[in-house]
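*Asks:* Below is a structure I'd like to ask you about.
The values are calculated or read from the model by the stated rules, or taken from the named source; none is laboratory data. Owing to the predicted nature of the structure, the values given are computational and were not obtained by experimental measurement. Cβ atoms come from the backbone with ideal geometry, glycine included; neighbour counts cover every protein chain shown.
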Amino acid sequence: MAVYERTYRRYDGALTPERRRVLAFPRYAIDEVFRSKLFLALCVVFLLWPLAIACILYLPHNLGFLKLFQTDSATMSAIFGFDAKFFYNWLMKPQTAMAFVLTFVVGPALVTADLRNNGLALYFSRPLSRTEYVVGKASILVLLLSAVTWVPGLAVFGFQVYLEGTDWLRANWRAGLGIVLGMWIWILLLCLVSIALSAYVKWKPVARLSMILVFIVAAGLASVMNLQFRTDWASVINLGDMVHVIVASLFGVPPSIAVPPWAAWTSVLLTCGACVWLLARKLRPYEVVS
Amino acid sequence: MSAVIELDGLSVRFGRRTILRTLRGQLNGRAIGLLGPNGAGKTTLVHTLLGFHAAAEGTARIFGHDVRTETRAIRALIGYMPENDAFIGGMTAVRLVRLMAELSGLPPREALERAHEALFYVGLGEARYRRVETYSLGMKQMVKLALAIVHGPRLLFLDEPTNGLDPPHRRRMLQLIREIKEDGGVHVMLSSHLLRDVEEVCDEVLILRNGEIATYCDLEAERQANRKFIEVETVGDNVVFAEQIGQMGCEYALLGPHKLKLVLPEGIEVRHLYQIAADRAVQIRRLDYRRDSLQDIFLRAMEVGHGGL
């Protein structure tokens, strides 16, 4: 089927291994999203945050800075309080917000374009399962969000270990665990929710609106209910807070909401289950009206 | 050698509605036409063979692979051109075709090469860097064909490929399908309600009615079997002329006051007809060798009950 011949010929060359084919999704999508100036700007800004934290961590070890305040490294570290709580409050919390913003920008565009023009029939007429499709699409978000959250977060944690030594690591190892595991939980939740909502509404602006409803309006509603009923239990509908409860338990710091971790896990797992159910119903090449 | 498509008591239900009822048979043709009125179950059959719908009972096999258990293997062998618009918004044609080729297993470099070739082949070479949503309806149909063939399938499912095409584009589409079938050694299953399209491309026809097989016929064999079928237009006493040729042993049927069709038995030739016509002062204005057209076969299938293979 060479261009100059204009005749049809079958393909009899080598094929890629089946499991590697889903990697085409992130390759194409990353190429696409980095064409967006807004996305690029957000990525740069979000990467500046861990850099700023790293600078703050370095200050107690900078001789000029110590001389300026006429103090020593140990005193300064004690003043700043660089422990798991510091990482939770100053690294983890802002990064969860950043991850949400990036998902808000990228997530709905991943699936709606396929669903709006019957693109799923093209995918699923090839050796590609629905699970692989979702994994392929989610891998785009996982890669992008990892690059601006737990990967630089872990680098900052490693930098602190380098500056403070193994004693500090022994005392605060849960911060490292929390950064990686906590952010993975948040990223997977964001992926599932954004893809499921996009699959359900099939329209990018509405998908974004529904993300606001699920994450922000629900949080506002939970706050109102908490105030009204003088409880913290309404927070179970606030996915952000529930992830913070889980992450706080991983960091070993007290959460700001009086909801036990098991309740937070239940809320998150139920949400994930609902998303999987929605995906199973909506990600079909053709909808059947019984 | 296994049949191209083997239907083994295949039934499909959507809720309480039975869409396909116990379809049985083997389809071996190079190009199989799938015909039927709207709602007969053509698209459902194609979708079931693709694994989009689960079979309620029975099964089907494509090149020996069971659609219930070997969907992945089947999808590796087929190309599918859906009936409706199917593309991914925001993508250029070459990028879309390349992505689909990669998902079918072609390495990125080969996928890019094949994407360019496929688009040139279907006549979209000059427009391949345009976004698909900006294409006309005819161009979108051609992109779907490129998507179906880019990975070099063994069997092509074409669902209403000429839908919405103007006559030149329709001709071009049918020509491409014929080329792919003949030069590329690809089996084609063409689902359509346009009899002419099927007649031009296919050598076997499966006609569905109400989810059942109404008729299955080998068009080539039909063409052979009906070679002595003659349609005659006359001026004069048609009835007397018909009776006379009937006495000679011809089977005939009057189609109107000036038209009849007949089958010549062994030993009777056309000159005998002219002779009788001259004797009875009947003018033969037109005489055509004809075979049953697909339209005749289709209409008969719609009137008669079950067919079967």
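*Asks:* Within segment B:88-110, track down each residue that is at the interface with another protein chain (Cβ under 9 Å from one of its Cβ atoms), surrounded by fewer than 24 Cβ atoms within 10 Å (Cβ to Cβ) and touching a residue at least 40 places away in the same chain (Cβ under 8 Å).
*Replies:* Across segment B:88-110, the qualifying residues are B:Ile88, B:Gly89, B:Gly90, B:Met91, B:Gly105.
The rows are residues; the columns are (1) at pLDDT below 90; (2) within 14 Å of chain B (Cβ to nearest Cβ); (3) in contact with an Asp or Glu (Cβ under 9 Å, 6 or more places away or on another chain).
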site	(1), (2), (3)
A:Arg9	yes, yes, yes
A:Ala24	no, yes, yes
A:Arg27	no, yes, yes
A:Cys43	no, no, no
A:Trp49	no, no, no
A:Cys55	no, no, no
A:Gln70	yes, no, no
A:Tyr88	no, no, no
A:Val105	no, no, no
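*Asks:* Follow-up question, since we're still on this one. Does segment A:30-38 contain at least one residue that is within 14 Å of chain B (Cβ to nearest Cβ), among the aliphatic types (A, V, I, L, M) and within 28 Å of A:Ala196 (Cβ to Cβ)?
*Replies:* Among the residues of segment A:30-38, at least one is within 14 Å of chain B (Cβ to nearest Cβ), among the aliphatic types (A, V, I, L, M) and within 28 Å of A:Ala196 (Cβ to Cβ), which makes the answer yes.
*Asks:* Here's a follow-up. Can you report the number of residues in segment A:157-195 which are over 30 Å from A:Ser210 (Cβ atoms), aliphatic (A, V, I, L, M) and buried (at least 24 other Cβ atoms within 10 Å of the Cβ)?
*Replies:* 1
*Asks:* I would also like to ask the following. Tell me, yes or no, whether segment A:228-248 has at least one residue that is surrounded by fewer than 16 Cβ atoms within 10 Å (Cβ to Cβ) and among the polar types (S, T, N, Q).
*Replies:* Taking every residue of segment A:228-248 in turn, at least one turns out to be surrounded by fewer than 16 Cβ atoms within 10 Å (Cβ to Cβ) and among the polar types (S, T, N, Q).
*Asks:* Out of curiosity, is B:Ala221 small (Gly, Ala, Ser) and either at pLDDT 85 or above or part of a strand (DSSP E or B) (or both)?
*Replies:* Numbers: small (Gly, Ala, Ser): yes; either at pLDDT 85 or above or part of a strand (DSSP E or B) (or both): no.
No; evaluated as a whole, the condition is false for this residue.
*Asks:* Sticking with this one: So in segment B:120-150, with the set limited to residues that are hydroxyl-bearing (Ser, Thr, Tyr) and part of a helix (DSSP H, G or I), which one is farthest from the other protein chains (Cβ to nearest Cβ)?
*Replies:* B:Thr134
*Asks:* Let me ask another. Any residue that is of a type in the set (Val, Ile, Thr), surrounded by fewer than 16 Cβ atoms within 10 Å (Cβ to Cβ) and free of Cβ contacts under 8 Å to residues at least 60 places away in the same chain - is there at least one of those in segment B:238-260?
*Replies:* yes
*Asks:* Let me ask something else about it. What's the number of the only condition in (1) buried (at least 20 other Cβ atoms within 10 Å of the Cβ); (2) in a helix (DSSP H, G or I); (3) among the polar types (S, T, N, Q) that B:Gln175 fails to meet?
*Replies:* Checking B:Gln175 against (1) buried (at least 20 other Cβ atoms within 10 Å of the Cβ); (2) in a helix (DSSP H, G or I); (3) among the polar types (S, T, N, Q), the one that fails is (1).
*Asks:* Okay, next question. Please determine whether any residue of segment B:29-40 is within 9 Å of chain A (Cβ to nearest Cβ), over 30 Å from A:Arg19 (Cβ atoms) and at pLDDT below 90.
*Replies:* So far as segment B:29-40 goes, no, none of its residues is within 9 Å of chain A (Cβ to nearest Cβ), over 30 Å from A:Arg19 (Cβ atoms) and at pLDDT below 90.
*Asks:* Same structure again: Which one of these is under 18 Å from the mean Cα position of the chain (by Cα), at the interface with chain A (Cβ under 8 Å from one of its Cβ atoms) and without any contact (Cβ under 8 Å) to a residue 40 or more places away in the chain: B:Glu117, B:Glu179? Let's see the steps before the verdict.
*Replies:* Working: B:Glu117 fails: under 18 Å from the mean Cα position of the chain (by Cα).
Within the list B:Glu117, B:Glu179, the selection yields B:Glu179.
*Asks:* While we're looking at this one, here's another question. Output yes when any residue across segment B:188-195 is of a type in the set (Gly, Ala, Ser) and under 13 Å from the mean Cα position of the chain (by Cα), and no when none is.
*Replies:* The answer is yes; a qualifying residue exists.
*Asks:* Then there's this: Suppose we keep only residues that are closer than 10 Å to A:Tyr11 by Cβ and aliphatic (A, V, I, L, M) within segment B:96-114. Which one would you say is nearest to the chain's Cα centre (by Cα)?
*Replies:* Among them, the one singled out is B:Ala101.
*Asks:* Of the numbered conditions (1) out of contact with any Pro (no Cβ under 6 Å at 6 or more places or on another chain); (2) within 19 Å of A:Val101 (Cα to Cα); (3) not hydroxyl-bearing (Ser, Thr, Tyr), A:Pro50 satisfies every one except a single condition; which is it?
*Replies:* (1)
*Asks:* Across segment B:27-50, which residue is surrounded by the fewest Cβ atoms within 10 Å (Cβ to Cβ) among those that are in a helix (DSSP H, G or I) and not charged (D, E, K, R)?
*Replies:* Among those residues, the one meeting the criterion is B:Thr44.
*Asks:* Please specify each residue of segment B:1-24 satisfying the condition of being over 18 Å from B:Ala56 (Cβ atoms) and more than 17 Å from the chain's Cα centre (by Cα). Before the answer, list the steps.
*Replies:* As a first pass, look at segment B:1-24 and keep what is over 18 Å from B:Ala56 (Cβ atoms): B:1-5.
Once the filter is applied, which keeps residues that are over 18 Å from B:Ala56 (Cβ atoms) and more than 17 Å from the chain's Cα centre (by Cα), segment B:1-24 yields B:Met1, B:Ser2, B:Ala3.
*Asks:* Among the residues of segment B:71-88, is any farther than 23 Å from B:Pro153 by Cβ and either touching a helix residue (DSSP H, G or I) at 6+ places or on another chain (Cβ under 7 Å) or not β-branched (Val, Ile, Thr) (or both)?
*Replies:* No: zero hits.
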